[in-house]
Amino acid sequence: MKKITQVSIIGAGLMGHGIAQTCAQANCNVTLYDIKDKILKEALKRIKSNLELLANENIIDHQDIDKIILRIKMMNDLKKCVKEADLVIEAVPEDLKLKRKIFREVEKYVSEDTILATTTSVIRISDISEAIEKPERMIGTHWMNPPFILPLVEIVRGTHTSDNTVKRIKEFLEDKCKKKTIVCRDIPGFLVNRMAAAVLAEATKLIETGITTIEDIDKTWTEHLGLIYLLFGPFRNLDYIGLDIVYLASIYLSKTLKDERFKPPKWLADKIRMNQLGIKTGKGIYNYQGKTFEEMYNERIKKIIKTLHILNKL
Ligand SMILES: NC(=O)c1ccc[n+]([C@@H]2O[C@H](COP(=O)([O-])OP(=O)(O)OC[C@H]3O[C@@H](n4cnc5c(N)ncnc54)[C@H](O)[C@@H]3O)[C@@H](O)[C@H]2O)c1
């Protein structure tokens, strides 16, 4: 399996410059292309400033900054930018037609085994790959912003993406770029933005019906939900609440709001029947056997205290 060492990025905006920097920090040779020279100059300035910031925060060594920057070549010629690439990452605006046009052109210049990745946040990979001859080489890499510091990259597998493409990109992101990955199916919005969109839709409804304010929605996340989900995720958190409580709450919400989305799922009813209620019975969505309720409960409190200390909220 050919290793990825030469990466070309198309679009040097918010995501493109940050992805170029991440790949250079991962010891790759990087070429960065944009349609405007002014943007390339700005991107270089931003990369330098990001690296200074990382060095001041002791994440990288000051002495490595120049070496990282030297690995990035700014290009204003698309063909020249991608012709040696093992991996091309497109980071242009969220416009299906534009993305298709770029990949159609890029495919003419790259070698047989070059992987073509898009950073789209919501567009199905298969919709973009319709434009190219070999859709098996196309994949989604949904990086988070800023990509040089946030750990997750969502890998999106298009209908035609080959196993080999998934394997190579996963190895590149995890082993070389030291990222955490999830592989998602080709649905609009993937996982991160589908969940984010659901939260925003509900929050907007609550605001527009005059029930709450933008500020109070933000506060519920910064002071509670964000903290709890950070530590436990939405499902593990249910094990701490007690699945029987969650079940009854879901029935109440779905009935009073007349909204099927809040109805308890079948798997939850099954858990209740099997008395798998979470940490209080030693098993819920996850398994806690070998640990007592007190141990789990205290572990949760200690984790919350530690995080509140880090956030200066205690
Ligand atoms: N902004 C975010 O937080 C974020 C997070 C994850 C993913 N994304 C996705 O990343 C992609 C890029 O978003 P962004 O926020 O970096 O946008 P941006 O507007 O900051 O950057 C886009 C860049 O593409 C360049 N460009 C436009 N047409 C081009 C062309 N034909 N060839 C080469 N370059 C061209 C522009 O000059 C610009 O510099 C989008 O698909 C977006 O959905 C964005």
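Just so you know, all these numbers are worked out from the coordinates, no wet-lab data involved. Everything quoted here is computed from the prediction, not taken from an experiment. Because the Cβ atoms are built from the backbone with ideal geometry, glycine has one as well, and the counts that use them run over all protein chains shown.
The Rg/Rh ratio for region 1-160, using Cα coordinates for both the radius of gyration and the Kirkwood hydrodynamic radius, is 0.96. Estimated from helical segments only, the mean residue ellipticity of the chain at 222 nm is -15000 deg cm²/dmol, where each DSSP H run of four or more residues counts as -39500 (n - 2.57). Against the empirical curve 2.2 N^0.38 Å, the C-alpha radius of gyration of region 213-310 lands at a ratio of 1.21.
Our Cα-only numbers for region 255-313 put the radius of gyration and Dmax at 16.1, 42 Å. Magnitude of the charge dipole for the chain, about its Cα centre and with charges confined to Cβ atoms of Lys, Arg (+1) and Asp, Glu (-1), is about 400 debye. Dividing the Cα radius of gyration of region 65-194 by 2.2 N^0.38 Å, with N the residue count, gives 1.01. Cysteines in the chain lacking any other cysteine Cβ under 4.7 Å from their own Cβ: C81, C177, C184.
Summing Cβ point charges (Lys, Arg +1; Asp, Glu -1) relative to the Cα centre of region 137-295 gives a dipole of roughly 680 debye.
Exposure proxy ranking for H17, H224, based on other Cβ atoms within 10 angstrom of each Cβ and starting from the fewest, stands as H224, H17.
Calculate the length of the line joining the C-alpha centroid of region 19-33 to that of region 248-285, in whole Å. Region 19-33 and region 248-285 have Cα centres separated by 46 Å. A straight Cα-to-Cα reach below 15 Å connects K283 with the aspartates and glutamates D239, D244, D270, E294, E295, residues fewer than 8 places away in its own chain not being considered.
Shown for M15, M144: other C-beta atoms within 10 Å of each C-beta, ranked fewest to most, produce the order M144, M15.
Enclosing the Cα atoms of the chain in their convex hull gives a volume equal to 184 cubic angstrom per residue.
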